[in-house]
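Note sheet for the following structure.
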Amino acid sequence: MKRIVVFCGSSLGFNSIYKEAAVALGNYFANQNIGLVYGGGKIGMMGVLADSILDKNGEVIGVIPKLLEKEEVLHAGVEEMIVCKKMSERKVIMSKLIDGYITLPGGFGTLDELFEALTLNQLHIEQKPVGLLNINGFFDAILMQIDKMVAEGYIKEENKQLLIVGNSVEDLMQKMYAYMPPKVTHVIHKVVR
């Protein structure tokens with residue numbers, strides 16, 4: 001994997017373990033020559049992650065919508081910053097630049113991005129690994145919700161497998177490298193008029 005997009009919060013949260021995970025992931029990327037594509041911010045988890053890679057002269061590409069470009073948000077240290085018009089355009093640009101997705105702790109926007117990546121894979125629009133770094137059990141409740149959705153018939157068991165979960169950076173990255181996308185079997189339906 002040459003580049004991975006990381007979805008994460010513009011806040012650091014209350015527990016320093018999440019910041020430490022962002023630094024560990026950034027160090028891993030820099031040491032393995034994996035480029036980061038991210039939301040372009042200098043604050044919160046996003047800023048810590050970008051800084052940890054920039055400190056080791058690693059590749060960082062920011063993709064930020066015009067409405068978030070304000071000086072207090074935009075990371076001035078990121079040389080390659082793509083400014084787009086809309087949030088939806090940001091996701092398309094990110095998708096074209098990367099080989100996989102990782103989600104760290106964050107809020108609504110982070111979850112939106114995670115579930116869109118899973119949906120793209122479920123619909124076979126993409127076949128890229130989608131990883132979740134479940135530090136400190138942060139995503140346990142979401143994983144339970146996904147299990148409930150499988151049990152109630154809203155998500156197929158094989159689609160649940162599209163989400164790669166790791167409890168440490170090394171664990172997650174090993175699973176992402178080993179990921180084999182499901183075989184796509186297209187069924188053509190004839191439209192009768």
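The values are calculated or read from the model by the stated rules, or taken from the named source; none is laboratory data. Please read all numbers here as calculations on a predicted model, not as lab measurements. Glycine gets a Cβ as well: all are built from the backbone with ideal geometry, and neighbour counts include every protein chain shown.
Does at least one position in the range 49-67 carry a residue that is under 13 Å from Ile135 (Cβ atoms), at pLDDT 95 or above, surrounded by fewer than 20 Cβ atoms within 10 Å (Cβ to Cβ) and acidic (Asp, Glu)?
No - not one qualifying residue is present in the range 49-67.
Residues that are free of Cβ contacts under 8 Å to residues at least 24 places away in the same chain and farther than 14 Å from Thr119 by Cα: list the helices (runs of 4 or more DSSP H) wholly contained in the range 134-181 that include at least 2 such residues. Steps first, please.
Working: elements: 140-151, 157-160, 169-178.
Of the helices (runs of 4 or more DSSP H) lying wholly inside the range 134-181, those with at least 2 residues that are free of Cβ contacts under 8 Å to residues at least 24 places away in the same chain and farther than 14 Å from Thr119 by Cα span 140-151, 169-178.
For the range 146-193, enumerate the residues that are modelled with pLDDT of 95 or more, surrounded by fewer than 10 Cβ atoms within 10 Å (Cβ to Cβ) and within 21 Å of Val6 (Cα to Cα).
Ala178
Could you please tell me which pairs satisfy a Cβ distance under 7 Å, a separation of 6+ or placement on different chains, a first residue in the range 43-54 that is within 17 Å of Gly109 (Cβ to Cβ), and a second residue that is of a type in the set (Val, Ile, Thr) and not in a helix (DSSP H, G or I)?
The qualifying pairs are Ile43/Val73; Leu49/Val6; Ala50/Val60; Ala50/Val78.
Only residues that are out of contact with any strand residue (DSSP E or B) (no Cβ under 6 Å at 6 or more places or on another chain), surrounded by 14 or more Cβ atoms within 10 Å (Cβ to Cβ) and in contact (Cβ under 8 Å) with a residue 40 or more places away in the chain: list them for the range 122-132, please. Walk me through how you get there before you give the answer.
We begin by selecting, within the range 122-132, every residue out of contact with any strand residue (DSSP E or B) (no Cβ under 6 Å at 6 or more places or on another chain); these are 122-127.
Now restrict to residues that are surrounded by 14 or more Cβ atoms within 10 Å (Cβ to Cβ): 122, 126-127.
Within the range 122-132, Gln122, Gln127 qualify.
Kindly provide the set of residues from the range 105-133 that are small (Gly, Ala, Ser) and either part of a loop (DSSP other than H, G, I, E, B) or over 27 Å from Asn15 (Cα atoms) (or both), ordered by number. Steps first, answer last, please.
The first filter runs over the range 105-133 and keeps only residues small (Gly, Ala, Ser), leaving 106-107, 109, 117, 131.
The answer is Gly106, Gly107.
Residues that are over 19 Å from Val6 (Cα atoms), over 10 Å from the mean Cα position of the chain (by Cα) and not β-branched (Val, Ile, Thr): does the range 125-135 have at least one?
No, the range 125-135 contains no residue that is over 19 Å from Val6 (Cα atoms), over 10 Å from the mean Cα position of the chain (by Cα) and not β-branched (Val, Ile, Thr).
Considering only the range 78-101, state which residues are closer than 17 Å to Val60 by Cα, charged (D, E, K, R) and part of a helix (DSSP H, G or I).
Arg90, Lys91, Lys96
Going through the range 35-48 one residue at a time, which ones are outside any helix (DSSP H, G or I) and either crowded, with 22+ Cβ neighbours inside 10 Å or basic (Lys, Arg) (or both)? Steps first, answer last, please.
Taking the range 35-48 and keeping what is outside any helix (DSSP H, G or I), we get 35-43.
Matches in the range 35-48: Leu36, Val37, Tyr38, Gly39, Gly40, Gly41, Lys42.
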